[in-house]
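Contents: one structure, followed by commentary.
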Amino acid sequence: MNDASSDQKASRSIFSDRNFILFLVGQCITTQGLWVQKIAMSWLAWSLTGSAFWTGTIAALNFAPAFFLGPIFGVIADRVDLRRTAMMINLAQAAVSFLLMGLSYADMITLPWMVVLAGAMGILGSAMTPIRLSLVPVIVRREFMSRAVAYAAMNFNISRLVGPAVGGVVIATWGTGAAFMINAISYLPMIFVISVVTIHTERAPDAKSRRIWASLVDGAQYALHHPMIRSVLALSCFVSLVGTGMVELMPVFAEAVYARGVTGLGLLASAGGIGSVASTFILSRVGSNAADYQRMTIFGAFGASIGMLGLGFSPWYEAAVVLVALTGAGLTLVGVGSQTALQLTVDDRLRGRVMSFWSATSFGGMALGGVLLGAISEVTNIQNTARGSGVLILCAASVGFWRLSRIGRGSASR
């Protein structure tokens, strides 16, 4: 009875928290615009070049800086004022989107411009990620952290569901300039939210007293020597490399395989969003045990491998929509499950650094995978590449399951 009352109180508390609700609303608006712009960038890259390699490269530039610069930004996140830094980065992202809008309306957008501006958005995004991941734990109490991360991820994935569909309609009706304008405007509500929420932050004792390199080494040693953090980072990196990187090539599937154009691309992307929303709803029910979230990453890898293998063989667009939904569900279980497991495990003093390693391995793997898989698809075809990705993810999931089984048997023998 008391336990049930406590659970109900905990559930009410997170949604009665003004700060968290404001943060969710601001994030929802911003990520809607982000997905609208993302679909516009992918479609524009394919339209300008007709190349799977360049489509994957433009998508990769939105994430590649996280691999190289993410850990540095993670150290900085442990040292700076989160509110002020988040506002500055959001303003810079809005400025880049307004520039994209202007170039598109002036019919001056070219591949070099796309490369430069996609890279700029990638750098700003890699700077924002450890800031954003550090904000959630200081907005809610630790006992609500798993719910907060899951609901924030659900919010993101609902935007992923709606944004691409809206983006497809916007591009088909008003062009890519309107899509970039929507994204630019979408940053403004988040800037307001960050300016008014109460942020309860405790700085790490050594965050500002040590040099950046020494702080980075501390974070890396902590991550490498912690068994769960090490294994979660390894799996999320590998799945991002060969799984999420393939999802970045959806424009090639939509046009080259199924000849469905930008509206078909929007539906495929939205199907992935549906799967992601379903996964985050499941994750929101898991509880607050980091080991349970680690198990969910294994299940997600199995689901993603099945979806990817099916996509590699399916000749029907309708079946592809379902398979993309399954793939999106699996990839989200890996991504959000690994993020939540880390948030529940990491030492508060090293949170920004360790979460930047997660963003570096996840987004960096996605970026590198988009380029490599795009290049492979130029030599063979996109469906053969999907089959290979599915097999590799299945192998990774099997290894993860085997290791979990060994741990279970070891615990039982004690």
- [ ] Would you mind finding the one in S11, S97, S47, S42 that is at pLDDT below 80, of a type in the set (S, T, Y) and either part of a helix (DSSP H, G or I) or open to solvent by 10 Å² or more (accessible area, probe 1.4 Å) (or both)?
- [x] S11
Open item on the list: Exactly one of these conditions fails for V242: (1) open to solvent by 30 Å² or more (accessible area, probe 1.4 Å); (2) modelled with pLDDT of 75 or more. Give me its number.
Closed with: (1)
Task: Out of W46, W35, W54, sole residue that is within 26 Å of G175 (Cβ to Cβ) and touching a Lys or Arg at 6+ places or on another chain (Cβ under 8 Å) - done: W35
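Could you check how many residues of region 376-391 are closer than 13 Å to T55 by Cα and open to solvent by 40 Å² or more (accessible area, probe 1.4 Å)? Before the answer, list the steps.
Taking region 376-391 and keeping what is closer than 13 Å to T55 by Cα, we get 376-378, 382.
Going one step further and asking which of them are open to solvent by 40 Å² or more (accessible area, probe 1.4 Å), we end up with 376, 378.
Matching residues across region 376-391 total 2.
Take region 339-358 and flag every residue that is part of a loop (DSSP other than H, G, I, E, B) and open to solvent by 30 Å² or more (accessible area, probe 1.4 Å).
The answer is D347, and nothing else.
For (1) crowded, with 22+ Cβ neighbours inside 10 Å; (2) without any contact (Cβ under 8 Å) to a residue 40 or more places away in the chain; (3) not in a helix (DSSP H, G or I), each residue gets a yes or a no:
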site: P251; (1), (2), (3): yes, no, no
site: E255; (1), (2), (3): no, no, no
site: L311; (1), (2), (3): yes, no, no
site: L323; (1), (2), (3): yes, yes, no
site: V334; (1), (2), (3): yes, no, no
site: G337; (1), (2), (3): yes, no, no
Task: One residue from F299, F363 being within 19 Å of the chain's Cα centre (by Cα) and at pLDDT below 80 - done: F363
Open item on the list: With the requirement that a residue be buried (at least 23 other Cβ atoms within 10 Å of the Cβ), touching a Pro at 6+ places or on another chain (Cβ under 7 Å) and β-branched (V, I, T), what does region 116-134 give you?
Closed with: none
- [ ] Out of the residues in region 258-279 that are open to solvent by 50 Å² or more (accessible area, probe 1.4 Å) and at pLDDT below 75, state the one that is nearest to T176 (Cα to Cα).
- [x] T263
Open item on the list: Which count do you get for residues in region 360-396 that are closer than 21 Å to T332 by Cβ and free of Cβ contacts under 8 Å to residues at least 40 places away in the same chain?
Closed with: 1
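The values are calculated or read from the model by the stated rules, or taken from the named source; none is laboratory data. Because the structure is predicted, anything quoted here is derived from the model rather than measured. Here Cβ is always computed from backbone atoms with ideal geometry, including for glycine, and neighbour counts include all displayed protein chains. To get the accessible areas, we keep the full protein, side chains included, count just its heavy atoms, and leave off ligands, DNA and RNA. Shrake-Rupley method; radii C 1.70, N 1.55, O 1.52, S 1.80 Å.
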